[in-house]
1. Springs between alpha-carbon atoms under 10 Å, Gaussian network over the chain: tell me which of Leu109, Leu229, Leu43 tops the mean-square fluctuations.
2. Taking every Cα atom in segment 1-136, find the radius of gyration and the maximum pairwise distance Dmax, and write them in Å.
3. Among [x] 14.4; [y] 16.5; [z] 18.9, find the value of mean projected area of the Cα convex hull in nm² that was calculated from the structure presented, and write down its label.
4. Within the chain, what whole-number % of the accessible surface is contributed by carbon and sulfur, with the 1.4 Å probe and all protein chains included in the calculation?
5. Running a GNM on the chain with Cα contacts under 10 Å, which residue among Lys115, Lys94, Lys23 ends up with the highest mean-square fluctuation?
6. Show me, for segment 23-39, the HN-Hα J-couplings you get by feeding each phi into the Karplus relation (A = 6.51, B = -1.76, C = 1.60, θ = phi - 60°), rounded to Hz, glycine and proline as x.
7. Is segment 88-166 best put as rounded, prolate or oblate by its Cα gyration tensor, with a ≥ b ≥ c the root eigenvalues, rounded for a/c under 1.5, and otherwise prolate when a/b is larger than b/c, oblate when not?
8. Please compute the length gained on full extension between Thr161 and Leu43, using 0.36 nm multiplied by the number of residues separating them and subtracting their Cα-Cα distance.
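The values are calculated or read from the model by the stated rules, or taken from the named source; none is laboratory data. Keep in mind the model is a prediction, meaning the values are calculated, not measured. No Cβ is skipped: glycine too gets one built from the backbone with ideal geometry, and neighbour counts run over all protein chains shown. Just so you know, the surface numbers come from the protein's heavy atoms only, side chains and all, with ligands and any DNA or RNA stripped out. Shrake-Rupley method; radii C 1.70, N 1.55, O 1.52, S 1.80 Å.
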Amino acid sequence: MQWEGISEFVYVTECESFTQASKQLGISTAQVSRQVGALEKRLKVKLLYRTTRKVSLTEEGRVFYQHCRAVLDGLEIAEQAVTNLQSKPQGRIKLTAPVTYGEQQLLPLVNDFMKHYPDIEVTAFLSNQKLDLIDGGYDLAIRIGKLPDSTMMAKKLSSRTNFVCAAPAYIEQYGTPQTLADLKQHNCLLGTLDYWQFQDSAKEKKVRVTGGVRYNSGYSLMDAALKGLGIVQLPDYYVQKHLNTGVLVSMLENYSEIEEGIWAIYPHNRQLSPKIRLLLEHLLTHLA
């Protein structure tokens, strides 16, 4: 009796939904609701606030969740310790990542990983949209930049730097901006945002820029910059090789933005999976 409803309560808490918890547990929503209700009745305390839109913890529920999560983590550790003695990592990993970073940096490393662990299958969906891990059944997501508060676990894998740069031909014709205000006098090649981010006097600053080009493709913006159409701000994995050869020239380096973190995030209840842990270790080794 002491264990009844514990898993259901933890999954509802982490999914913030009875419906999503039922999908993760492979049982009906009604059964999840009955188990959590029975748990509350047995404890004689309300653990969850329920509305048509959201499920959230009461103060008592928050305390109870922390203890229950620790207990379930301990069980997973015990089970996997026994399993690891008898078998090698296997099964499927489903992950998502931004398109260009996934193509250039992530998936080549995943391919190397799979050569070492042929019994692991990987399904990757590249998207610049921040997909819901629980709803999509993802084990892992790669995110870049600041992370919002969430119940997800996060591990920093690496970082990236954004460069403001242009082709020598553009600089020869229009000059080099010396301050952020000078950008108003230049044709700035825009992506999906109408501002660029900088670091000015130890403070983050967003500078609104304008120009005759707006593409939702980093490669297309880079091509426009290479052809002398204007100034661009792009991450290092787009432009570093062109900066190294002088085909593009970096500028406004005194205002360089603080490096953005590259993170792996994953649902709390999957953090101890051997195959996920091995993949994270592999990525960290090669990206750090």
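1. Checking each option, the largest mean-square fluctuation is seen for Leu43.
2. 18.7, 54
3. [z]
4. Values: 8020 of 16100 Å².
The nonpolar share, carbon plus sulfur, comes to 50 percent.
5. Largest GNM mean-square fluctuation: Lys115.
6. Each residue's phi maps through the Karplus curve to give 5, 5, 8, x, 10, 6, 4, 4, 5, 4, 4, 5, 5, 5, x, 5, 5 Hz.
7. Values: a/c = 2.04, a/b = 1.32, b/c = 1.54.
It is oblate, given that a/c is not under 1.5 and a/b is not larger than b/c.
8. On the way: separation 118, 0.36 × 118 = 42.48 nm, distance 5.15 nm.
Difference between extended and current length: 37.3 nm.
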